[in-house]
Amino acid sequence: MVCNGMGGEGLDIGEAQQTKGQPVDVVIFGGTGDLAKRKLLPALYHLNNSGWLGEGSMVLGVSRGNIDSAAYRDVVREACQQHVDAEYFSAAAWDSFAARLHYLSLDATSQEEYAALAACLQQEDSSGDRVRVFYLATSPDLFVPICQSLATVNLVTPKARMVLEKPLGHNLASARLINQQVGQVFQENQIFRIDHYLGKEAVQNLIALRFANAFFEPLWGRTSVSHVQITLAESLGVEGRGSFYDKTGALRDMVQNHMLQLLCIIAMEPPISIQPTAVRNEKLKVLQALKPLIGDEALRNSVRGQYRGGIVDGAPAPAYVDEPNVPDDSTTETFVALRAEISTWRWAGVPFYLRTGKRLAHHLSEVAVTFRQVPHLIFGSSRHMMPNRLVIRLQPDEGIKLGLMVKAPGERMRLRSVALNLNFAETFKARQVDAYERLLMDVLRGDLTLFIHRDEQEAAWTWVEPIMAAWAASEDMPRPYPAGSWGPPSASALIARDNFAWFEES
């Protein structure tokens, strides 16, 4: 590999100024993997286009594959052409990005091989004084060895930033161990635990909606909110990741991170500022206030399911146990529904329903906040009355919708539910920034606001682990549901106990 000489100076991790236009090094461990090709490298392509990768920057893919930089550029070009909209992919933009791309074949478990990485990076920036981002798009068992090996070759500088992908461990003990050992190499303010849901425009707009508009705050709590639903539904199956997914399951894969982070943003108290420490402290308080689900309470307030064969998007879909690399007798859950409560003055008594699964009816991620009905109905029949509902759609089309009751045209006072609809793509004509692009931008400028503190992560595991323990102690198997449905019927029964139903917009 040839490393071009580069100069430049980065910023201290804690400085508020952006590093836009300055040279940076971005090293992706797992640089030929699926995540890198689908998300990270297209995101970096866009960041280069928008000027975030200054002249002399380097994007270095690292993996065990025995290829050279030229072949790696071919791999990345194909990935970018597939995952970047055609209107934003041009020969000139690609040539600019390709000039930054390099590749290094390296066994991440072999400490001796890191000397080559150090030689390349030090050749690019002999002072070691600019921002270096190490992105670990690898399995979590490699996090600690990589961090320790980086330290042995003096690549852990004050301006180095470590990005850790999920899953970070498989339980509380393993997460704590990783956090402790990585924390012996990098300071906490250098560690970016990424959850790509927090980079979505709709999630950030939920923060803006709550804390930049005066009329929501008096309504945001137990006196006005009836219940909250969070749905993260996938129509896809395990997509060739059977061996990984079977050791993980939906609770670890989606609830412990994505869903609890969304719950925190919905339920947290107003932070004193948008600074990382203030926001993360309020999220932590929510996690600590979650009512524990232990033993029979966990079984009563949870449903786990596993998909069987069915029809998805008009095509036959196999059962989970018929997916490649999944054991025939697997008891891993592909669906989870939970009823949670938050023991605070604001939210006491308000149920939060969480639902996620694979091979469901639609690809859909949304938060639905349902408000209480009016205390007295003056219009006679309540047959057409619908509660006000605020729906924050995360995917496939990001937006915010507020359901209101209005009079339908005509002589009679006939009520109808209509929606005030904010579709981001239609309202804001600029290109929608992908979640990974936004979060990588924040890494470059050292902004930790949308990343997870170790205390948050461990608090989430503390709440999830008793549910896993209750399932393990129970003789109940995951409830079957046909692919292409909304999950097992018991998930509907869970929410129906409180006289509610899952919000499923047609």
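The values are calculated or read from the model by the stated rules, or taken from the named source; none is laboratory data. Bear in mind the structure is a predicted one, so any value in this text is a computation, not a measurement. For neighbour counting, all protein chains shown are included, and Cβ atoms are generated from backbone atoms with ideal geometry for every residue, glycine included. Side chains included, ligands, DNA and RNA excluded: accessible areas come from the protein's heavy atoms. Shrake-Rupley method; radii C 1.70, N 1.55, O 1.52, S 1.80 Å.
With a 10 Å radius around each residue's Cβ, average the other Cβ atoms per peptide and rank 186-194, 108-116, highest first.
Details: 186-194: 19.1, 108-116: 14.8.
Peptide ranking by packing, descending: 186-194, 108-116.
List the residues whose amide H sits under 5 Å from the amide H of His227, counting only those 5 or more places along or on another chain, with H placed 1.01 Å from N in the peptide plane.
Thr370
From the convex hull of the Cα coordinates of segment 145-294, what is the mean projected area in square nanometres? Spell out each step's value before the answer.
Values: hull surface 48.3 nm².
Result: 12.1 nm².
With a 1.4 Å probe and all protein chains kept in place, how do Thr462, Thr332 rank by accessible area, largest first?
Values: Thr462 70, Thr332 20 Å².
Ranked list, largest accessible area first: Thr462, Thr332.
Once the whole set of protein chains is in place, how much accessible area is left on Met413, using a 1.4 Å probe, in Å² to the nearest 10?
About 110 Å², rounded to the nearest 10.
Binning every alpha carbon pair distance of segment 285-413 at 10 Å from zero, what are the percents per bin?
Binned Cα distances yield the sequence 9, 24, 29, 23, 11, 3, 0.
Could you sort the peptides 344-354, 435-445 by per-residue average Cβ neighbour count (10 Å cutoff), highest mean leading? Can you show the working numbers first?
Numbers: 344-354: 17.3, 435-445: 21.8.
Averaged packing, sorted descending, gives the order 435-445, 344-354.
What length, rounded to one decimal in nm, is gained on full extension from Asp329 through to Gln122, with 0.36 nm per residue of separation minus their alpha-carbon distance? Before the final figure, lay out the partial values.
On the way: separation 207, 0.36 × 207 = 74.52 nm, distance 5.13 nm.
Computed gain between Asp329 and Gln122 is 69.4 nm.
Roughly what % antiparallel, to the nearest 5, for the DSSP beta bridges in segment 74-214?
Details: 0 of 8 bridges.
In segment 74-214, approximately 0 percent of DSSP beta bridges are antiparallel ones.
Going Cα to Cα from Lys159, which lysines come in below 17 Å? Please leave out same-chain ones fewer than 8 positions away.
Result set, ordered by chain and number: Lys20.
With +1 assigned to the C-beta of every Lys and Arg and -1 to the C-beta of every Asp and Glu, and no other charges, what is the dipole magnitude of the chain about the Cα centre in debye, to the nearest 20?
Numbers: 49 positive and 57 negative charges, 404 e Å.
It works out to roughly 1940 debye.
Using a 1.4 Å probe on the protein heavy atoms, what percent of the accessible area of the chain belongs to carbon and sulfur? It would help to have the intermediate numbers written out before the result.
Numbers: 11330 of 21960 Å².
The nonpolar share, carbon plus sulfur, comes to 52 percent.
Between Asn423 and Ala115, what FRET efficiency follows from the Cβ-Cβ distance if R0 is 41 Å, with the result rounded to 0.05? Before the final figure, lay out each step's value.
Values: r = 52 Å, r/R0 = 1.27.
Calculated transfer efficiency: 0.20.
Based on DSSP H runs of at least 4 residues, each adding -39500 (n - 2.57), what is the mean residue ellipticity at 222 nm of the chain after dividing by all its residues, to the nearest 500 deg cm²/dmol? Mind dumping the intermediate values first?
Working: 15 runs with 151 residues, N = 506.
After summing the helix terms and dividing by residue count, I get -9000 deg cm²/dmol.
How much of the DSSP beta bridge set in the chain is antiparallel, as a percent to the nearest 5? Present the calculation step by step, with values, prior to reporting the outcome.
On the way: 43 of 77 bridges.
DSSP beta bridges in the chain are roughly 55 percent antiparallel.
Using DSSP to define loop residues, name the GluC sites (Glu not before Pro) in segment 321-416 whose beta-carbon has at most 12 other beta-carbon atoms within 10 Å.
Working: sites: Glu333, Glu341, Glu366, Glu398, Glu411; in loops: Glu333, Glu341, Glu398, Glu411.
Of the GluC sites (Glu not before Pro), the ones in loops of segment 321-416 whose Cβ has at most 12 other Cβ atoms within 10 Å are Glu411.
Could you state the accessible area per residue of the chain in Å², with a 1.4 Å probe and every protein chain left in place? Don't jump to the answer; show the numbers that get you there.
On the way: 21960 Å² over 506 residues.
Ligands and nucleic acids excluded, the figure is 43 Å² per residue.
Would you kindly state how much longer the chain becomes between Glu217 and Glu297 on full extension, computed as 0.36 nm times their sequence separation minus their alpha carbon distance, in nm to one decimal?
Values: separation 80, 0.36 × 80 = 28.80 nm, distance 3.17 nm.
That pair, Glu217 and Glu297, stretches by 25.6 nm at full extension.
Let me check against my output: what whole-number percent is the relative contact order of segment 372-506, with C-alpha pairs under 8 Å and at least 6 apart?
Details: 95 pairs, mean separation 15.0, N = 135.
Relative contact order of segment 372-506: 11 percent.
When the chain is fully extended, how far beyond the present Cα-Cα distance does Gln82 get from Ala348, taking 0.36 nm per residue of separation?
So the extension gain works out to 91.0 nm.
Once whole DSSP H runs in the chain are found, which of them have Cα atoms spread over 24 Å or more along the helix axis and a mean Kyte-Doolittle score of at least -1.0?
For the chain, where a helix must reach 24 Å along its axis and average at least -1.0, the hits are 454-473.
Which entry is the computed Rg/Rh (Cα atoms, Kirkwood Rh) for this structure: [x] 1.01; [y] 0.98; [z] 1.41?
Computed from the coordinates, Rg/Rh (Cα atoms, Kirkwood Rh) corresponds to [y].
Could you name the lysines whose alpha carbon sits less than 28 Å from that of Lys291, not counting residues in the same chain fewer than 8 places away?
Output for Lys291: Lys166, Lys200, Lys247, Lys283, Lys358.
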